[in-house]
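Each remark here refers to the structure printed beneath this line.
Rule-based calculations on the coordinates, nothing more; no lab input. Only a predicted model underlies this, so the values are computations on that prediction, with no experimental measurement involved. Methodologically, a virtual Cβ is constructed for each residue, glycine included, from the backbone with ideal geometry; neighbour enumeration extends over all protein chains shown.
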Amino acid sequence: MDKETTVCFQTTSEISNALEKIAAEENLSISEVVNTIVKRDIEANEEFAGGKKNRRRVDRKKVDIPAYLGDPRWQRHDFEAVHIEDISIAGIRFTLPKGTKLEVHPNSEQETDKFIIIFRLPNYNWPVKVQIAPQRVCEFSEAVEVGAVLVDPDFHAYTAIQKYMI
């Protein structure tokens, strides 16, 4: 076993005793046992590079689409311009410039925190209008990034997004 790097860690006495027992049974050193366990875990977890498992149920597609976002009670001329960064069958991630009259809050049960987003998909003739509910909101210096789920999209919107995703 080549030793390229030394790693130190603290553990409980139970784990330490278990490692010593395994090492004695397998006729290995404790560091070899730890190395084997870590290697096995890395190989079993294909998405190790990302640091955590992907919880997404459906794939997202990177896009560069201008859109309009507003409160369902507003007139369309009051909607704010936003930029869609990625889209999926279940949701949309977009950026909203800071200083707009929209206040986006994640995970709210209020009906006022549902918005309408209108956009045009490439190679599709009609605009798509869907209601969304913000789930994740990240504020940056000049913009706010919002991840939102689609709320009961109608057949027209759902099929348009589905065809675009293929």
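Here are the numbers:
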| quantity | calculated |
| --- | --- |
| GluC sites (Glu not before Pro) within the stretch 130-166, DSSP loop, no more than 10 other Cβ atoms inside 10 Å | E142 |
| Order of W126, W74 - criterion: other Cβ atoms within 10 Å of each residue's Cβ, fewest first | W126, W74 |
| Proxy reagent accessibility, fewest Cβ within 10 Å first, across F119, F155, F79 | F155, F79, F119 |
| Long-range tail of P(r) for the stretch 61-165 (Cα pairs > 16 Å, %) | 53 |
